[in-house]
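Here the structure comes first, spelled out in structure tokens, and everything after it is commentary.
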Amino acid sequence: MRKSTPAEADIGAKLAGIELRNPIMLASGILGETGELLLAAHRAGAGAVVTKSIGLDPRDGNKNPTIHQSGRCMLNSMGLPNPGIKEFSKEMKVLEGSGAVVIGSIFGAKTQDFASLAKKMEDYGASAIELNLSCPHARGYGAEIGSNPATVRNITAGVAASVDIPVFAKLTPNTRDIASLGLAAEEGGASAVVAINTIKAMAIDPRIRKPVLSNKYGGLSGPAVKPVGLRCVYELYEALSIPIIGVGGISDATDIAEYMMAGASAVQVGTVVQSCGLEVFSKLNESLKAFMSEEGFKNLSQMRGIAHG
């Protein structure tokens with residue numbers, strides 16, 4: 001008797017009221033500088049695309065060298081270079097009518113900055129806002145302000161009150177208690193949290209006897225950070241009632257499954273796209289369906305959080 005073929009798993013996801021064709025999103029900072037690149041990621045199969053973090057004014061970022069590749073991992077200390085929110089309207093216009101789910105990543109120094117940026121992103125057509133409260137290598141921004149629960153709560157509340165679209169708070173792993181940051185974001189009205197951003201790290205060139213990056217410190221991404229990302233998602237799932245987007249070190253379908261089982265509703269990928277190209281989205285989609293069918297999961301909700309017993 002012929003063995004029946006398992007039905008194809010449904011990898012559609014719903015996140016804070018947003019329908020995603022799949023749970024695999026392009027992370028901020030990777031190919032998010034232009035509308036054309038974001039559109040290419042959408043066409044390649046990304047469930048959603050997150051823009052580069054955009055501020056009020058144009059910013060050059062840190063001096064070179066800003067990137068150091070180490071095997072499959074990467075150190076970056078870009079310093080949030082961007083064209084400013086006014087100029088970025090041109091890039092968002094490219095995505096109009098494309099069907100892409102676009103999440104606008106923003107950064108600022110105070111609540112009013114975030115609120116103003118969020119309103120602009122909403123006007124440009126963003127489906128949601130991602131608050132960069134976690135960049136580890138830009139002075140006065142990111143993790144420097146996002147490590148304080150009260151600040152996270154206030155910024156999230158200010159943004160949530162200024163827009164009608166979902167607000168996602170991207171959290172730093174460079175803290176002793178990420179759950180307290182997640183709870184602060186939830187209390188402030190966040191529709192979801194994103195965990196994690198890169199881990200503060202560095203590299204030294206032993207021949208010139210100096211740090212490799214001009215900024216000395218950067219953010220580590222790639223496979224080495226996955227255990228930290230998983231732990232953070234696991235802790236957040238036990239503390240929060242809002243969805244979690246897992247980020248960090250995802251290279252294949254089993255990595256995605258681990259994040260889902262830890263409690264993630266969706267994931268973001270970055271370094272693997274940088275190293276393997278945009279075709280990685282279709283490969284991840286197909287391999288995730290295959291994994292789920294083989295393991296008897298009909299949809300993503302059946303996997304979410306099951307590692308908690």
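The values are calculated or read from the model by the stated rules, or taken from the named source; none is laboratory data. Fair warning: this is a prediction, and the values are worked out from it, not measured in the lab. A quick note on method: Cβ atoms are made from the backbone with ideal geometry, for glycine too, and the neighbour counts reach across all protein chains shown.
Values for this structure:
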{"item": "Only one of LEU230, LEU284, LEU300, LEU278 that is more than 29 Å from HIS68 (Cβ to Cβ) and either acidic (Asp, Glu) or at pLDDT 95 or above (or both)", "result": "LEU300"}
{"item": "Members of the range 197-212 that are touching a strand residue (DSSP E or B) at 6+ places or on another chain (Cβ under 6 Å), β-branched (Val, Ile, Thr) and not in a strand (DSSP E or B)", "result": "THR198, VAL212"}
{"item": "Residue count, the range 193-211 (criterion: of a type in the set (Val, Ile, Thr) and surrounded by fewer than 16 Cβ atoms within 10 Å (Cβ to Cβ))", "result": "2"}
{"item": "Residue match in the range 240-254 (condition: in a helix (DSSP H, G or I), touching a Phe, Trp or Tyr at 6+ places or on another chain (Cβ under 7 Å) and on the phi < 0 side of the Ramachandran plot)", "result": "yes"}
{"item": "Residue list for the range 91-149, restricted to those being aromatic (Phe, Trp, Tyr), surrounded by 24 or more Cβ atoms within 10 Å (Cβ to Cβ) and in a helix (DSSP H, G or I)", "result": "PHE114"}
{"item": "ARG231 within 16 Å of PRO173 (Cα to Cα) and basic (Lys, Arg)", "result": "yes"}
{"item": "Members of the range 245-260 that are more than 15 Å from LEU300 (Cβ to Cβ) and in contact (Cβ under 8 Å) with a residue 40 or more places away in the chain", "result": "VAL247, GLY248, SER251"}
{"item": "Odd one out for ARG176 among (1) among the basic types (Lys, Arg); (2) assigned to a loop (DSSP other than H, G, I, E, B); (3) surrounded by 20 or more Cβ atoms within 10 Å (Cβ to Cβ)", "result": "(3)"}
{"item": "Search result, residues across the range 78-90 that are assigned to a loop (DSSP other than H, G, I, E, B) and of a type outside the set (A, V, I, L, M, F, W, C)", "result": "GLY79, PRO81, PRO83, GLY84"}
{"item": "Criterion: within 30 Å of THR66 (Cβ to Cβ) and of a type in the set (A, V, I, L, M, F, W, C) - qualifying residue of LEU20, LEU37", "result": "LEU37"}
{"item": "Check on LYS52, over 15 Å from ASN285 (Cβ atoms) and surrounded by fewer than 18 Cβ atoms within 10 Å (Cβ to Cβ)", "result": "no"}
